[in-house]
Amino acid sequence: MKLAVVTGSAGFIGTNLVKLLLEKEYYVIGIDNFYSSEQWKSELFKENDNYEFIMHDIVKPYIDIVENSRLFKLHGKVDEIYNLACPASPPRYIDLSLETIRINTDGVFNALELAKKHNAKILHTSTSEVYGDPLVHPQVESYRGNVNTVGPRSCYDEGKRISETICYEYKRLFNTKIKLVRIFNTYGPYMDPNDGRVITNFINQALKGENLTIYEEGKQTRSFQYIDDLLEAFLKLMATEDDFYGPINLGNPDEFTIKELAEIVLELIESKSQIDYIKMDANNPYKSSHDPQQRRPDISLAKEKLNWEPKIKLRDGLVKTIEYYKSL
Ligand code: UDP
């Protein structure tokens, strides 16, 4: 049996990952402080003896806290760390901009210190936002990005960029076993309906019969990956040799305009909602000058190294996600 520490365990990806790891008979220690997650998700697994939840702000050190936990005392070591903690929705990280920077600096140091002390593997979650508003399409890992250091998305984009560098330095200096993933837009059950992102907004607007809010003209593109595909890649990556650390793109290369997405959601929900086109203020992260205009991963590296590619088509994933929101 292995013991995994999951930071951001009550978030969208965290909740799905904890569920999967418990199914795979891991011991799981979840850490969260509900800055950008929902408390009820930390209670979903509380009947499972292989799960332990610790409420903690990962910006503050937590080696002692983990070592004093029930599961650590039982198992005696940390095998894997999944460092997920971070607001990931533009409205959320702008509200928590300084926290977002600290999470991606001090928070990453703390996770790496835990990994270093226990010789654990650490999967750190970076993002497609490291490419900014990309001038290369689709985005390949060797592309260095087009990122604004002083704009409403900078706290997240630059935060994630330095987080990759911090991990790389631990690898270089201490041979810490890092795995860096750049996650492209991901969706599925357990997304907070109020997180402000496009799929949650559109589905919940359509279910309530409200108009769908397309920002600007809706010509901007994204590629949407269903959560189960992402998690399969996480586990495959954790099983790779220690000398492979990425960064590696994880996303679904099927690209859609936001307008196309709105039309698919309306069709699947059989909703009579209309579409509102909303002009954004100059400092809004969704103003077209700040909002990446196109995004699609090149996943050749993941295919080669992980023998992985997404299996779940957008319509199929949306149907499952719509079912989830209906059940709430
Ligand atoms: N978007 C939109 N309406 C919404 C929310 C988002 O048109 O209600 C657009 C937004 O302008 C962006 C895309 O959808 O181009 C994805 O936004 P999201 O916040 O989901 O993710 P990110 O911008 O981080 O990719």
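The values are calculated or read from the model by the stated rules, or taken from the named source; none is laboratory data. Just so it is clear, the structure is predicted and the values come from calculations on it, not from any experiment. No Cβ is skipped: glycine too gets one built from the backbone with ideal geometry, and neighbour counts run over all protein chains shown. For accessibility, only protein heavy atoms count, side chains too; no ligands or nucleic acids. Shrake-Rupley method; radii C 1.70, N 1.55, O 1.52, S 1.80 Å.
Worth pointing out:
- Residue pairs meeting the criteria (Cβ under 8 Å; at least 6 apart or on separate chains; first in contact (Cβ under 8 Å) with a residue 60 or more places away in the chain, in the stretch 61-89; second open to solvent by 30 Å² or more (accessible area, probe 1.4 Å) and among the basic types (Lys, Arg)): Asp79/Lys2; Asp79/Lys121; Glu80/Lys2; Glu80/Lys121; Ile81/Lys121; Ser89/Arg197
- Single condition His137 does not satisfy, out of (1) over 21 Å from the mean Cα position of the chain (by Cα); (2) open to solvent by less than 40 Å² (accessible area, probe 1.4 Å): (2)
- Residue list for the stretch 158-176, restricted to those being within 16 Å of the ligand (Cβ to nearest atom) and either open to solvent by less than 10 Å² (accessible area, probe 1.4 Å) or of a type in the set (Val, Ile, Thr) (or both): Gly159, Lys160
- Residue, modelled with the lowest pLDDT, within the stretch 270-298, restricted to residues that are more than 10 Å from the ligand (Cβ to nearest atom) and in contact with a helix residue (DSSP H, G or I) (Cβ under 8 Å, 6 or more places away or on another chain): Ser271
- Check on Lys259, open to solvent by 30 Å² or more (accessible area, probe 1.4 Å), more than 12 Å from the ligand (Cβ to nearest atom) and in a helix (DSSP H, G or I): no
- When we screen Asp79, Asp49, Asp32 for residues that are surrounded by fewer than 17 Cβ atoms within 10 Å (Cβ to Cβ) and at pLDDT 95 or above, the only hit is Asp49.
- Filtering Ile103, Ile58, Ile94, Ile29 for residues that are outside any loop (DSSP other than H, G, I, E, B) and in contact with a Gly (Cβ under 8 Å, 6 or more places away or on another chain) leaves a single hit, Ile103.
- Set Ile94, Ile122, Ile63: member being closer than 28 Å to Asn194 by Cα and either open to solvent by 20 Å² or more (accessible area, probe 1.4 Å) or more than 16 Å from the ligand (Cβ to nearest atom) (or both): Ile94
- Conditions (1) open to solvent by less than 10 Å² (accessible area, probe 1.4 Å); (2) among the basic types (Lys, Arg); (3) not in a strand (DSSP E or B): number failed by Lys179: (3)
- Residues that are out of contact with any helix residue (DSSP H, G or I) (no Cβ under 7 Å at 6 or more places or on another chain), assigned to a loop (DSSP other than H, G, I, E, B) and more than 7 Å from the ligand (Cβ to nearest atom), drawn from the stretch 204-218: Gly209, Glu210, Glu217
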